[in-house]
Amino acid sequence: MKEEQEILLVEDNSGDVELTLHALRGSDFGRRVHVVGDGEAALDFLFCRGPYSSRSFERPPKLVLLDLKLPKVDGLEVLRQIRTDPRTKTIPVVAFTSSQAEGDVIEGYRLGINSYIYKPTDFGDFREMVKQAAQYWLQINQPPPLAAFRGQ
Amino acid sequence: MTPNEVEILLVEDNPADVELTLHSLRAHNLSNRIYVVRDGEEALDFLFCRGAFGGRSFDHPPKLVLLDLKLPKVDGIEVLRAVKSDSRTKAIPVVILTSSKEEKDLVNGYHLGANSYIQKPVDFDQFREIVKQLGLYWLVVNEPPPNGAFSGPGRSGGKR
């Protein structure tokens, strides 16, 4: 059986995708990452439509690592859509971005982001942050149970 | 330490859990700026800068609230609801740290906007390890909300 995809990485910068996957490789998480390169593909994945229509809302990722500056649909809009639909509302979403714009951090928290991480520019720091984030959200955090995705 | 310099607000009524949590955070130099309250009412007074905490300011929120669910006076779910429904406190990261294994608590916690939910391990060493990891994550890895996140709803200039 195919391994469950536990992390959805939404990232358009191929260098950052490589770095992130590299950081996760060697850990248990490495094989359970699905990568999409723009906001529209992220929404298709999460809302089980288009090329992802065979996915099920009952198997949400345990973590969405979301860049904010994305082609087609930007990261904050992806977040807003996730948070306004009961089928996706409680999925843990972490902003992972180089945006230091205070407005983005504020808006992210207002829209209900679970956590906000600045991408370090240093390679070693970047690896370390990705590993810690994956470890925290996949091993320490208790993900929402299925009942949390069935509306209130 | 004045109440405005607090980095972690620990809301916990069990003295053994308080000791264990403080000890783990301090052992890893994660924070000495921890303030402990022992019931939900005191937690709300702290977070809403009232009563004994009337001198606190909404501009200096903690970077993390560690919230037990079973609390005297006002329970943890009610505290969470109050924090997440007021624009002055909504952005404060709240992590539920509880021994509750009830699915209802987990579902309610996420629906009300808890940033994360952690079950307290019964094993002493595991408890210490988890507290270390969560301290590291929320104080070092996470970027806390800036001050502007705590003023009234919506900024001028419309939707981004």
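Checking B:Ala91 against (1) buried (at least 20 other Cβ atoms within 10 Å of the Cβ); (2) of a type in the set (A, V, I, L, M, F, W, C); (3) touching a Leu at 6+ places or on another chain (Cβ under 8 Å), which single condition isn't satisfied?
(3)
Sort through B:Ser100, B:Ser24 and tell me the only one that's assigned to a loop (DSSP other than H, G, I, E, B) and at pLDDT below 95. Break it down into steps so the answer makes sense when it comes.
On the way: B:Ser24 fails: assigned to a loop (DSSP other than H, G, I, E, B).
The conditions single out B:Ser100.
Residues of the range B:115-135 being touching a helix residue (DSSP H, G or I) at 6+ places or on another chain (Cβ under 7 Å) and either among the β-branched types (Val, Ile, Thr) or at the interface with chain A (Cβ under 9 Å from one of its Cβ atoms) (or both), which ones?
B:Tyr117, B:Ile118, B:Ile130, B:Val131, B:Gln133, B:Leu134
If the requirement is being under 25 Å from A:Ala147 (Cα atoms) and within 12 Å of chain A (Cβ to nearest Cβ), which of these qualifies: B:Leu139, B:Leu112, B:Leu66?
Working: B:Leu139 fails: under 25 Å from A:Ala147 (Cα atoms); B:Leu66 fails: within 12 Å of chain A (Cβ to nearest Cβ).
Only one candidate passes the filter, namely B:Leu112.
Working only within the range B:88-105, note down all residues that are more than 8 Å from every other protein chain (Cβ to nearest Cβ) and among the small types (Gly, Ala, Ser).
B:Ser99, B:Ser100
So which residues in the range B:3-21 are of a type in the set (Val, Ile, Thr) and at pLDDT 90 or above, if there are any at all? Lay out the reasoning, then the answer.
Applying the first criterion (of a type in the set (Val, Ile, Thr)) to the range B:3-21 yields B:6, B:8, B:11, B:18, B:21.
Selection gives B:Ile8, B:Val11, B:Val18, B:Thr21.
Mind checking which residues of the range B:49-63 are buried (at least 17 other Cβ atoms within 10 Å of the Cβ) and at negative phi?
Within the range B:49-63, the first condition is being buried (at least 17 other Cβ atoms within 10 Å of the Cβ), and the residues that meet it are B:49, B:53, B:56, B:61-63.
The answer is B:Phe53, B:Arg56, B:Pro61, B:Pro62, B:Lys63.
Considering (1) more than 9 Å from chain A (Cβ to nearest Cβ); (2) touching a Gly at 6+ places or on another chain (Cβ under 7 Å); (3) closer than 26 Å to A:Gly108 by Cβ, say which one B:Arg56 fails and leave the rest.
Evaluating B:Arg56 over (1) more than 9 Å from chain A (Cβ to nearest Cβ); (2) touching a Gly at 6+ places or on another chain (Cβ under 7 Å); (3) closer than 26 Å to A:Gly108 by Cβ leaves (2) as the failure.
Quick check on my filter: what residues within the range B:71-87 are touching a helix residue (DSSP H, G or I) at 6+ places or on another chain (Cβ under 8 Å) and at pLDDT 95 or above? It would help to see each step written out before you state the result.
Applying the first criterion (touching a helix residue (DSSP H, G or I) at 6+ places or on another chain (Cβ under 8 Å)) to the range B:71-87 yields B:71-80, B:82-83, B:87.
Hits for the range B:71-87 are B:Leu71, B:Pro72, B:Lys73, B:Val74, B:Asp75, B:Gly76, B:Ile77, B:Glu78, B:Val79, B:Leu80, B:Ala82, B:Val83.
Being buried (at least 17 other Cβ atoms within 10 Å of the Cβ) and within 7 Å of chain A (Cβ to nearest Cβ) is the filter; apply it to the range B:142-160 and report the residue that is modelled with the highest pLDDT.
Filtering the range B:142-160 for residues buried (at least 17 other Cβ atoms within 10 Å of the Cβ) gives B:142, B:144-145, B:149-150.
Next cut, within 7 Å of chain A (Cβ to nearest Cβ) only: B:142, B:145, B:149.
Values: B:Asn142: 96, B:Pro145: 92, B:Ala149: 82.
For the range B:142-160, the residue satisfying everything is B:Asn142.
Taking the options A:Ser99, A:Ser53, name whichever one is farther than 16 Å from A:Phe149 by Cα and at pLDDT below 95.
Details: A:Ser53 fails: at pLDDT below 95.
Only one candidate passes the filter, namely A:Ser99.
Please identify the pairs in which a residue from the range B:5-16 that is without any contact (Cβ under 8 Å) to a residue 40 or more places away in the chain has its Cβ atom under 6 Å from the Cβ atom of a residue that is crowded, with 23+ Cβ neighbours inside 10 Å, counting only partners at least 6 apart or on another chain.
Sorted first by the residue in the range B:5-16, then by its partner, the list stays empty.
Taking the range A:13-43 on its own, how many of its residues are surrounded by fewer than 18 Cβ atoms within 10 Å (Cβ to Cβ) and acidic (Asp, Glu)?
Matching residues across the range A:13-43 total 3.
Return the residues of the range A:109-152 that are without any contact (Cβ under 8 Å) to a residue 40 or more places away in the chain and of a type in the set (Lys, Arg); say none if nothing qualifies.
A:Arg110
So, B:Val95, is that one within 26 Å of B:His23 (Cα to Cα), in a helix (DSSP H, G or I) and within 16 Å of the chain's Cα centre (by Cα) or not? Steps first, please.
Values: within 26 Å of B:His23 (Cα to Cα): yes; in a helix (DSSP H, G or I): no; within 16 Å of the chain's Cα centre (by Cα): yes.
In short, no.
The values are calculated or read from the model by the stated rules, or taken from the named source; none is laboratory data. Predicted model only: the values in this text are computed from it and were never measured. Ideal geometry is used to build each Cβ from the backbone, glycine not excepted, and the neighbour counts take in all protein chains shown.
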